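The values are calculated or read from the model by the stated rules, or taken from the named source; none is laboratory data. Computed from a predicted structure; not experimentally measured. Counting neighbours? That spans all protein chains shown, and the Cβs are built from the backbone with ideal geometry, glycine included. Heads up: the accessible areas ignore ligands, DNA and RNA and are worked out on the full protein's heavy atoms, side chains in. Shrake-Rupley method; radii C 1.70, N 1.55, O 1.52, S 1.80 Å.
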Amino acid sequence: MNHNAKKAGAGPATVLTWAGLLAVLAVLGVLGVLTGCTDAEPFMNGKPRSLPYAIRITPQDGAKDIRPDARVEVKVSDGRLEHVKVTQIEVAEPPANAGQSKDAGQREMQGLISQDGLSWTSRGASGRLSLAARYSVEVVAVDGAGRRSARRSTFTTAVPRHRFTSSFEPDERSTVGTGMIVSFHFDPVITNRAAVQRAIRITAEPAVEVVGHWFGGDRLDFRPAAYWKPGTEVTVAVALHDVEGARGVFGTQRKTVTFTVGRSQVSRVDVADHTMEVRRDGRLVSKVPVTAGAPATSTYNGKMVVTEMQEVTRMDGRTVGFGGEYDIKDVPHAVRITDSGTFVHGNYWVGGGVFGSVNVSHGCVGLQDVKGGRGDTPAGRFFDRTIVGDVVEVVNSEDKQVAPDNGLGGWNLDWIHWKAGSALH
């Protein structure tokens, strides 16, 4: 952003464009006249004169390895700053392990000339320096007699040796259920949690308060106090680029994602009653018989959120701590609701009399299906009417409540405890 202070002693001789001034300065340079901050005495027509003011720029000309939180300042000892322009003119190629591509284009830094005209300081979001970048500073100052002096300098910022990466869900332009939680995963662990959380902004239309909750140093989840209202448009703005997440470890991501909250669907599994009631926008649309976890391998209680859906998948007990008790290579209509391996899925390998009467699974919720899956079975119909972000709530099980960080289980924390996990207070 260019800043032009009111000119002192304005007259025909003082109206000078930046390009014209540089041309004049070039001629003066040939004649041996020095401008800017210098200890040498300039000469004009063979007569020496002292410089009425000095232009001082921080960081100094040629400086290297400047931190991103350093402030850019321009000062004059006397007179008045007339023009200051600070531009990111080049981004250096980061190291191979930095995990970041080159930035494109030039970016101008915002700043403000003080009321007395003696200083300029960077400010705002654009006032933070980018890493691995080269900056130019162009300054014009004028004294009370209308005489101008100009200076240009450059400096480079540090190239970080270490970067942290982040991934999050949901995807851009997706439509999700009302129980969706925006979940960020970081590598390596974040220690400066407040800075990282502050760099992520989540807004909704209609507006609702959205708060982040940390699970350790590698995961940050965001949600409102209650399930999203159907039709809500949610925007996730990520500005982690050059944010220091841990000492000497900086982020790479600058991205904005928008997703839509679809209709409400909450499915309530009553383990004792062996049934699942599916409610759409509060209205009961189906009630189907199920089989849940057997007494020795019971199903978690609590609110769980659909995170993944697969037409057919393999389920191997060795991947979830059950040894070789089962290995089914073609489980149909698999709807994941925890990271630890809880699914609502089709089941074709037990007798039809099990559904609605006996709990025989290893913790999953089973719906009647056929080998290969079919759309007109209870499992097929549930699968076809479910989207990521829908809620499945399990009640009356002998097991404990699902952990809030097991999948998107954050709805099992009340609002007070959820907000207590924020790094911003």
>> Given the criterion hydrophobic (A, V, I, L, M, F, W, C), in contact with a His (Cβ under 6 Å, 6 or more places away or on another chain) and at negative phi, identify the matching residue among VAL350, VAL331, VAL335, VAL320.
In response: VAL331
> Would the stretch 212-223 turn up any residue that is more than 21 Å from GLN253 (Cα to Cα), in a loop (DSSP other than H, G, I, E, B), without any contact (Cβ under 8 Å) to a residue 40 or more places away in the chain and open to solvent by less than 60 Å² (accessible area, probe 1.4 Å)?
Replying inline: no
> Do you know which of the residues in the stretch 121-149 that are of a type outside the set (A, V, I, L, M, F, W, C) and assigned to a strand (DSSP E or B) is surrounded by the most Cβ atoms within 10 Å (Cβ to Cβ)?
Replying inline: SER149
>> Go through (1) closer than 30 Å to VAL72 by Cα; (2) assigned to a strand (DSSP E or B); (3) in contact with a helix residue (DSSP H, G or I) (Cβ under 6 Å, 6 or more places away or on another chain) for PHE155 and report which single condition fails.
In response: (3)
>> Exactly one of these conditions fails for GLN253: (1) modelled with pLDDT of 95 or more; (2) buried (at least 18 other Cβ atoms within 10 Å of the Cβ). Give me its number.
In response: (1)
> For the stretch 293-303, how many residues are more than 13 Å from VAL271 (Cβ to Cβ) and either touching an Asp or Glu at 6+ places or on another chain (Cβ under 9 Å) or crowded, with 18+ Cβ neighbours inside 10 Å (or both)?
Replying inline: 1
> Can we say ASP339 is out of contact with any strand residue (DSSP E or B) (no Cβ under 8 Å at 6 or more places or on another chain), modelled with pLDDT of 95 or more, closer than 18 Å to GLU308 by Cα and open to solvent by 10 Å² or more (accessible area, probe 1.4 Å)?
Replying inline: yes
> Of these, VAL290, VAL269, VAL331, which one is within 18 Å of THR178 (Cβ to Cβ) and open to solvent by less than 20 Å² (accessible area, probe 1.4 Å)?
Replying inline: VAL269
>> Condition check: acidic (Asp, Glu) and crowded, with 22+ Cβ neighbours inside 10 Å. Does ASP369 satisfy that?
In response: yes
> Going by the conditions given, is ARG263 more than 30 Å from LEU367 (Cα to Cα) and out of contact with any Gly (no Cβ under 6 Å at 6 or more places or on another chain)?
Replying inline: no
> Only one of (1) at pLDDT below 95; (2) surrounded by fewer than 19 Cβ atoms within 10 Å (Cβ to Cβ); (3) of a type outside the set (Phe, Trp, Tyr) is not met by HIS362, so which one is it?
Replying inline: (2)
